[in-house]
Amino acid sequence: MKSPEEIFQILKNNFGDSIIELKKDLPAESFIIINSLMIDKVCLFLRDDKELLFDSLMNLSGVDDANGQSINDEEGGLKIIGGTLSVYYHIESTKLGHKICLKVSSPRENPIVNSVYYIWRHSDWHEREAFDLLGIKFQNHPDLRRILMPYDWEAGHPLRKDYRNPEFYQGMKVPY
Amino acid sequence: MGLLDKQFTDDNIVVTNVEDLFNWARLSSLWQMSFGLACCAIEMMATSASHYDFDRFGVMPRPSPRQADLIIISGTVTLKMALRIKRLYEQMPDPKYVISMGSCSNCGGPYWEHGYHVLKGVDRVIPVDVYVPGCPPRPEALLEGLLKLQEKIRNESMVKKSA
């Protein structure tokens, strides 16, 4: 069983600059910030290393950090320019009993994160959900389609903070 | 019942009119499409089960829209589902009836403001005969809704359009 500090040190020794920071002493659990284009390699190492053996991805969730510049556009709606979208990975080793949380951030205008589909297969639908609701593009995912919203939904990604619902969808009025 | 108010002239003959007979037959065997959407569907299943026994009103589930007279919209209608509900409704043969069960299918319910995926009332895609309020409605409320629908069918006319 390894503490977050030990896990961070092992990753730092193996991946250097791709491991950005360990955030600890939070009210919630500690997490490690990782480069979004290295996450697949880091995760493969975390799964297969004899000391770590993270065999289970408990959760993968996308977050709109909304840390860009907020402006009101001509229609009176909110628009966010710049900033990041993030993905959090909660992983666990069922063999060794330790857990850790990973975070990657990606620019809002072109959010590209490498997919961990080939490492933990249950990330398939989680990544599709994060794509559907936040528009995060998972590179190397074999089937990155919308999963909850209709395939022909054109109004964007609903969980972004500057999302606006359309007036109509397929002839049906959407607002109350 | 309307049917038996009329006079008996012989042991085996009941005198009535076609309208009353048809209405009585329709309201006494409302075959429901076996179809549920969300938590309201659990209450609907409880209503079908032995304790509340939908079958005593002639309501029984049919797995095909072609054999169904009644569709109970039991739960949240998402925009994705609304198109399917419309198609199912159109596949049902006339005469057909709709019960909207619960706040979600009546008006969007708790999703009325921030539910980006929810249709705010199933009456935006299909015509509703009876609205049953509640979140979810108890089986008694659904039975009351069914009795209201039967009352509506009993007063239908073959020549005059009712709705």
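The values are calculated or read from the model by the stated rules, or taken from the named source; none is laboratory data. Quick caveat: nothing in here was measured; it's all calculated off a predicted structure. Virtual Cβ from ideal backbone geometry, glycine too; neighbours counted across all protein chains shown. These accessible areas exclude ligands, DNA and RNA; they are computed on the full protein's heavy atoms, side chains included. Shrake-Rupley method; radii C 1.70, N 1.55, O 1.52, S 1.80 Å.
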Per DSSP, loop GluC sites (Glu not before Pro) in segment A:93-170 with at most 11 further Cβ within 10 Å: A:Glu109, A:Glu154, A:Glu167
Chain B - Rg and Dmax from Cα coordinates, angstrom: 17.1, 65
Cβ-placed point charges (K, R +1; D, E -1), dipole of segment A:1-105 about Cα centre in debye, nearest 20: 420
Gain in span if fully extended, B:Met45 to B:Gln67, counting 0.36 nm per residue against the direct Cα distance: 6.0 nm
Unit charges on C-beta of K, R, D, E only; dipole of segment A:26-176, Debye: 240
Theoretical FRET efficiency, 1/(1+(r/R0)^6), r = Cβ-Cβ of A:Asp25 and A:Thr94, R0 25 Å, to 0.05: 0.40
Ratio of the Cα radius of gyration of the protein assembly as shown to 2.2 N^0.38 Å, where N counts its residues: 1.40
In Å, descending, principal axis extents of the Cα set of segment A:86-176: 54, 25, 22
Potential lengthening between A:Arg145 and A:Lys41 on full extension [0.36 nm per residue; Cα-Cα distance subtracted]: 35.1 nm
Buried solvent-accessible surface, both chains (B, A), 1.4 Å probe, Å² to nearest 100: 1200
Test item: A:169-175 mean partner chain Cβ contacts at 10 Å: 6
Cβ-Cβ FRET estimate between B:Val14 and B:Asp94, R0 fixed at 22 Å, reported to 0.05: 0.25
Label-point gap, in nm, between A:Glu5 and B:Glu144 - each point 7 angstrom along Cα→Cβ: 6.4
Approximate spin-label separation A:Asp152-A:Ser56, in nm, with each point projected 7 Å along Cα-to-Cβ: 4.2
Unit charges at the beta carbon, dipole of the protein assembly as shown: most positive-side option, B:Cys40, B:Leu79, A:Ile20: B:Leu79
Charged-residue dipole, Cβ positions (Lys, Arg, Asp, Glu), segment A:41-89 about Cα centre, Debye nearest 20: 220
